[in-house]
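Here is the structure we will look at, set down as C-alpha cells.
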Amino acid sequence: MKPFEIVYPKTIPEAVRQGQQRDSLFIAGGTTALDLMKYHVWQPSIVVTLESLSLKGIRLENNLLRIGAGETMSNVAYHSEVGQYFPMIKESLLLAASQGIRNAATIGGNLMQRTRCPYFRDTTYRCNQREAGAGCDAIGGWNRYHAILATSPQCIAAHASDLCVALAALQASVIVYGSSGERRIAFGDFYQLPGKNPEELYALKPGELILRIEVPYSEAARNSTYIKVRDRNSYAFAISSVAAGITLSTGTITEVKIGMGAVATIPWKAREAEKFLSGKAPTEENFREAARLATQGAQTTPTNAFKVPLIQNILLKALSKLT
Ligand SMILES: Cc1cc2nc3c(=O)[nH]c(=O)nc-3n(C[C@H](O)[C@H](O)[C@H](O)COP(=O)(O)OP(=O)(O)OC[C@H]3O[C@@H](n4cnc5c(N)ncnc54)[C@H](O)[C@@H]3O)c2cc1C
Ligand code: SF4
C-alpha cells in the first residue's frame with residue numbers, strides 16, 4: 001500500500017476542507033476503501049477519517065425517516081421503526097454482506113461503495129471507471145454480473161448496493177455538506193449515468209460529505225419487501241434484486257414503488273412499471289405486463305441475458321407477495 005497521511009477532523013467543515021485536498025479520501029467503516037487501497041485501485045495521499053464526526057442518529061418524525069450517514073448498516077437494520085415502517089430497508093440491509101461487515105460498514109459508505117466489476121478492481125485490466133478513457137475490458141469480456149439497463153459503450157458495470165435499491169424505490173434524498181453549506185440531492189439525481197464519463201459517478205462536488213439520508217414514509221413503504229437472488233444464499237452480492245411496496249384500496253393499486261438492483265448501472269427506479277400499475281387491479285396479468293415494461297430496452301450480452309427473465313420473475317414474486 002502506498003504510504004498516506006491520516007487526519008482526524010473534529011468538525012464537518014474541517015472534514016470538507018481536508019476532503020478538498022488533492023488525492024484525499026474520506027474513510028468511514030473502511031470495508032470498501034481499505035480493499036481498494038490494498039488493490040492499488042485507490043492510492044490516496046491523505047485519508048480523512050469520519051469516525052469522530054457526529055453523523056449519527058435514526059429518527060422517524062413527521063413522516064420522514066432520517067438516518068445519519070455514520071450509522072452502521074446493523075444499527076439501521078435492527079432499528080424497530082425501520083423494521084416496522086420500512087421493511088424493504090431492513091430486509092435490503094440484512095441480506096447484504098455479513099454480520100461482521102454490517103457492524104462496521106456505514107450508510108454513507110454504502111451509498112458510495114464502488115462496483116464489484118472485477119476489471120475495475122484489478123489494475124492489470126482496462127477500466128474507464130478507474131482511469132478516464134482507458135477502455136473497458138468487461139465489454140466483450142466476462143460480464144455475467146453486469147448491467148442490462150442504462151449501460152453505455154463506455155461502461156456496463158452494475159451498481160452493487162442492496163440498500164440503494166430500496167432508497168431508489170422510496171425516492172429518498174441525500175443531504176450533503178460542502179464548502180457552500182448544506183444541500184439536498186434527490187436520490188434519482190445522486191448517481192450519474194455512465195455516458196461519456198463513467199468515472200464521474202456521483203453528483204457530489206469535491207470534498208462534499210454525506211450528512212444523512214431522508215426517506216419519506218408512505219403506506220407503500222410500510223407494505224414493502226426486498227427480494228435478492230444471488231449465487232449463494234449468504235454473504236454474496238445480488239445477481240438481481242427487487243424492492244417493492246404497494247398500497248391497495250378497494251381492489252385497486254393506489255400507490256406502487258419499485259426499485260431494481262444489480263441490473264442497471266445505477267440504483268434503478270422502474271418508473272414505467274409503476275406508471276402502468278397505478279390505478280390497476282393487482283392481477284398476475286398486470287404484474288407480468290409491469291415486469292415486461294420494467295425491462296424494456298434492456299441491452300444484454302450472451303452471458304447476462306438471463307437477467308431479463310430473472311428480474312421479471314423476482315418482480316412478479318415481490319408484487320404477488322404484497323397483494
Ligand atoms: C466482502 C463484502 C461483501 C459485501 N456484500 C455486500 C452486499 O451484499 N450488499 C451491499 O449492499 N454491500 C455489500 N458490501 C459493501 C458494503 O456494504 C460497503 O463496503 C459498505 O457499506 C461501505 O461502508 P463503509 O463505511 O465501510 O465505507 P468506506 O469503505 O469507509 O468508504 C467507502 C466509500 O464511501 C465514501 N464515504 C464514506 N462515508 C462517506 C460520507 N459520509 N460522505 C461521503 N463519502 C463517504 C468513502 O470516501 C469511500 O469512497 C460488501 C462489502 C464487502 C467487503
Ligand atoms: S464495466 Fe465499467 S467498471 Fe467494469 S471494466 Fe468496464 S468501465 Fe470498468
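For Leu211, the amide hydrogen comes within under 5 Å of the amide hydrogens of Ile175, Val176, Tyr177, counting only partners 5 or more places away or on other chains and with H modelled in the peptide plane. Put one equal scatterer on each alpha carbon of the chain, apply the Debye formula with no solvent term, and list log10 I(q)/I(0) at q = 0.09 1/Å to two decimals. One equal scatterer on each Cα of the chain leads to -0.45. For Pro309, neighbours were defined as the other residues whose beta-carbon sits under 12 Å from its Cβ, and their charges (Lys and Arg +1, Asp and Glu -1) total +3.
For the chain, the relative contact order works out to 18 percent when only alpha carbon pairs closer than 8 Å and six or more residues apart are counted. Taking all protein chains together, His40, His146, His159 sort by accessible area into His40, His159, His146, largest first [probe 1.4 Å].
A probe of 1.4 angstrom, applied to the heavy atoms of all protein chains, finds Tyr8 with accessible area near 140 square angstrom. Taking a straight line from the alpha carbon of Lys280, these lysines sit under 17 Å away, with near neighbours fewer than eight places off in the same chain left out: Lys257, Lys321. Within straight-line reach of Lys38, meaning a Cα separation under 14 Å, sit the following aspartates and glutamates at least 8 residues removed in sequence or on another chain: Asp122. Annotation: extensible slack from Ser249 through Thr124 equals 39.4 nm (criterion: 0.36 nm per residue apart, minus Cα-Cα distance). Pairs spanning more than 27 Å between alpha-carbon atoms, out of Lys90/Lys205; Lys228/Lys269; Lys2/Lys205: Lys90/Lys205.
Split the accessible area of the chain by element, probe 1.4 Å, and carbon with sulfur accounts for 50%. Subtracting the Cα-Cα distance of Asn62 and Val7 from 0.36 nm times their residue separation leaves 16.1 nm of extension gain.
Every Cα-Cα pair of the range 268-317 was included, and the share exceeding 16 Å stands at 38 percent. Residues in the range 162-252 average 41 Å² of solvent-accessible surface per residue, probe 1.4 Å, ligands and nucleic acids excluded.
The value of relative contact order for the range 118-228, using C-alpha pairs under 8 Å at least six residues apart, is 24 percent. DSSP loop (so not H, G, I, E, B), at most 13 other Cβ within 10 Å: list which trypsin sites (Lys or Arg not before Pro) in the range 165-260 pass both filters. Here the trypsin sites (Lys or Arg not before Pro) that fit, given the DSSP loop and packing criteria, are Lys196, Arg232. Students often forget the sequence filter, so: which aspartates and glutamates lie under 19 Å Cα-Cα from Lys307 once same-chain residues fewer than 8 apart are removed? The qualifying aspartates and glutamates are Asp162, Asp231, Glu272, Glu289.
Solvent exposure of Lys90, expressed as accessible area, is near 70 Å², computed with a probe of 1.4 Å over the protein chains only. Enter the angle in degrees (range 0 to 90, nearest 10) between the Cα long axis of helix 307-322 and the first principal axis of the Cα atoms of the chain, meaning the one along which they spread out most. Rounded to the nearest ten degrees, it is 70.
Modelled this way, with points 7 Å down the Cα-to-C-beta line, the labels at Leu34 and Lys321 are 3.3 nm from one another.
Put Thr124, Thr106 in order of accessible area, highest first, and with a 1.4 Å probe you get Thr124, Thr106. Just checking the listed ones, Asn103, Asn197, Asn62: in the Gaussian network model of the chain with Cα springs under 10 Å, the one fluctuating most is Asn62.
Please work out whether the range 187-231 counts as rounded, prolate or oblate from its C-alpha gyration tensor, where a ≥ b ≥ c are the square roots of the eigenvalues and a/c under 1.5 means rounded, while otherwise a/b larger than b/c means prolate and anything else oblate? Since a/c reaches 1.5 but b/c is at least a/b, the shape of the range 187-231 is classed as oblate.
Accessible area of Asp122 (1.4 Å probe, protein heavy atoms only, ligands and nucleic acids ignored): about 60 Å². Considering only alpha-carbon pairs that sit under 8 angstrom and 6 or more positions apart, the relative contact order computed for the range 57-196 is 18 percent.
The values are calculated or read from the model by the stated rules, or taken from the named source; none is laboratory data. Source: prediction; values computed, not measured. So basically every Cβ, Gly included, is an ideal-geometry build from the backbone, and we count neighbours across all protein chains shown. Calculation scope for accessible area: heavy atoms of the full protein, side chains included, ligands and nucleic acids excluded. Shrake-Rupley method; radii C 1.70, N 1.55, O 1.52, S 1.80 Å.
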